[in-house]
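Scroll down for the structure; my scribbles are underneath it.
The values are calculated or read from the model by the stated rules, or taken from the named source; none is laboratory data. This one's a predicted model, so the numbers in the text were calculated from it and none came from an experiment. Virtual Cβ from ideal backbone geometry, glycine too; neighbours counted across all protein chains shown. Ligands, DNA and RNA are excluded from the accessible area calculation, which covers all protein heavy atoms including side chains. Shrake-Rupley method; radii C 1.70, N 1.55, O 1.52, S 1.80 Å.
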Amino acid sequence: MFWLSSCRVLRGLMAVFGAICFLGLSTCTSQSATSKQQLVTAENHLAAGEYTAAATIYKKMLISTTTPIPALRLAGLYQTWGQPEIGLTALAEAERRGATQSEIDSLKLSLLVDAGLWNDAENTALVTLYDDPQNPQALATLTLSQLHKVECYLAAETATRWQAVAPENKDALKIRGILHSDALLLHKVSPEYTSILDSCSPLGSDLSNCMLPLGHNLLRESNWALAACTFKQVLQTDPTSPDAHTWLGEALRRLGYSDQAEEHLELATRLAPDSPLNWLLLGTTYIQKGKSEETEEVLFTAHQLDPYSPAPCLAIAELKAQQGKYNEVDIWNKAALERTPEDIDIWKTVARLYLERNLYQETTPDSVGQYAVMGAVALAPEDAETLMLQGWSRLYIDDMPGALFLLGKALVLRPDLAQAHYLQGLAYQATGEPEKAQDAFIRAADLGYAGP
């Protein structure tokens, strides 16, 4: 009887354990299905450009699961969204959760490059290359890092290795071709580069005359790092070239090396004191460095050398705004508008200065901000950005219906105009429509604009 009773107890316990196991399996299966559905939903949002919604799902998954998958997806999302610094934080969480090195490495290299963290990018690339010397992404990252640090000789060597493992990569061809003055490689880059080479070196052997035009083309591409190395090559053969010093200085300023930029631009003004461009770019560098007294003198020299150009006037207006001399801001902005009455970009630039700095007003009889906005509208009444600026100006006078109408028109023309969505959110907020405001703010954020 004892044995029978024990068997019954044992069967009962087995039944209980079986039920527990069954319930656990159901829960796990249910959680797995839910996670898969969440990932699918997030991917759909991502494909539609609804980054905020996708990020929200991944963040919820981080709370409910311990796998690295949502953190990895979140890191990739932030890269696509143009927020690489936050992507690196998500990637660190994925690593903490046990993501493999192969899952981490490629994305980490991309995020570091996008974030412009060149020292970290270089170190990470070197670690990768230690294990995999022919990794093309690591070689590309190392080349770009060396270029952005203006280590041109090292970049030339690394570009050779990169192009050897990626022989058809256009960027590798361009960088190696320029740093090694290799016409054969540059002809493979694009017809545009072939045209440049044919005009400056018809025989295709000596590229010394091609470095300046190649550098200018890189400036048009906003390829500041490679342009800097190109102009450095020019200065090796012609140390007194004012053009090379001017554009090397500007490239260095764009890369964040303001001290070196200042040195080259000051030398350019000594080599070519009659060039208004040299003085203007030097003044722009001084503004960036906060040298207000020197800036005024330098920009006024640029203005005297080219009194009909709006560029020095705009730069002086910016300086006066930084100094809080708002009456003088009006004078120089009006001067800029008078010099190019048909240039819509100048009118937009002036209008933005007043709107962005909260200087816009319509109560004064001679409001330059209002004049600039209305002038832009007159020149381009169906331009989306112009309509946005006009709608923005309505916010300043509490004309919310007018603002919403104009911003709506702008967004019909350009649904991707992120700032217009943000301004629309402000207008909805002011009219007591929080849900519409939130939708507009989210759309602005999805398009890359989170506010001033």
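Looking at region 129-145 only, could you name the residues that are assigned to a helix (DSSP H, G or I) and surrounded by fewer than 21 Cβ atoms within 10 Å (Cβ to Cβ)?
Result: Leu129, Tyr130, Asp131, Pro136, Gln137.
Quick check: is even one residue across region 174-183 assigned to a helix (DSSP H, G or I), touching a residue at least 40 places away in the same chain (Cβ under 8 Å) and open to solvent by 20 Å² or more (accessible area, probe 1.4 Å)?
Among the residues of region 174-183, at least one is assigned to a helix (DSSP H, G or I), touching a residue at least 40 places away in the same chain (Cβ under 8 Å) and open to solvent by 20 Å² or more (accessible area, probe 1.4 Å), which makes the answer yes.
Taking region 286-322 as the region of interest, how many residues are β-branched (Val, Ile, Thr) and buried (at least 24 other Cβ atoms within 10 Å of the Cβ)?
Here the count works out to 3.
Which residue out of His216, His187 is open to solvent by 40 Å² or more (accessible area, probe 1.4 Å), touching a residue at least 24 places away in the same chain (Cβ under 8 Å) and not β-branched (Val, Ile, Thr)?
Result of the check over His216, His187: His216.
Out of region 256-295, which residues are in a helix (DSSP H, G or I) and closer than 19 Å to Leu212 by Cβ?
Hits for region 256-295 are Ala261, His264, Leu265, Leu267, Ala268, Thr269, Leu271, Leu277, Asn278, Leu281.
Only residues in region 394-407 that are under 15 Å from Gln370 (Cα atoms) and in contact (Cβ under 8 Å) with a residue 40 or more places away in the chain count as the first member; pair them with residues that are open to solvent by less than 70 Å² (accessible area, probe 1.4 Å) and aromatic (Phe, Trp, Tyr), Cβ under 8 angstrom, at least 6 apart or cross-chain, and list the lot.
Cβ pairs passing all conditions: Tyr396/Tyr360.
Within region 64-78, track down each residue that is surrounded by fewer than 21 Cβ atoms within 10 Å (Cβ to Cβ) and farther than 17 Å from Lys36 by Cβ.
Gly76
Just wondering, is there one or more residues in region 149-169 that are under 22 Å from the mean Cα position of the chain (by Cα), part of a helix (DSSP H, G or I) and at negative phi?
no
Only residues in region 373-391 that are at negative phi and assigned to a helix (DSSP H, G or I) count as the first member; pair them with residues that are open to solvent by 10 Å² or more (accessible area, probe 1.4 Å) and β-branched (Val, Ile, Thr), Cβ under 7 angstrom, at least 6 apart or cross-chain, and list the lot.
Within 7 Å, the pairs are Ala376/Ile344; Leu379/Ile344; Thr386/Val377; Gln390/Val377.
Thr386 - would you say it is polar (S, T, N, Q), over 28 Å from Leu337 (Cα atoms) and touching a helix residue (DSSP H, G or I) at 6+ places or on another chain (Cβ under 6 Å)?
When the stated conditions are applied, Thr386 does not pass them.
Could we say that Ser275 is polar (S, T, N, Q) and at pLDDT below 95 here?
So Ser275 fails the test.
Cβ-Cβ distance below 7 Å, separation of 6 or more or different chains: which pairs start in region 80-109 with a residue that is farther than 13 Å from Thr124 by Cα and among the aliphatic types (A, V, I, L, M) and end on one that is part of a helix (DSSP H, G or I) and open to solvent by 50 Å² or more (accessible area, probe 1.4 Å)?
Note: pairs meeting the criteria are Leu91/Lys108.
For Val165, work out the one condition from (1) closer than 26 Å to Asp306 by Cβ; (2) without any contact (Cβ under 8 Å) to a residue 40 or more places away in the chain; (3) of a type in the set (A, V, I, L, M, F, W, C) it doesn't fulfil.
Result: Val165 passes all but (1).
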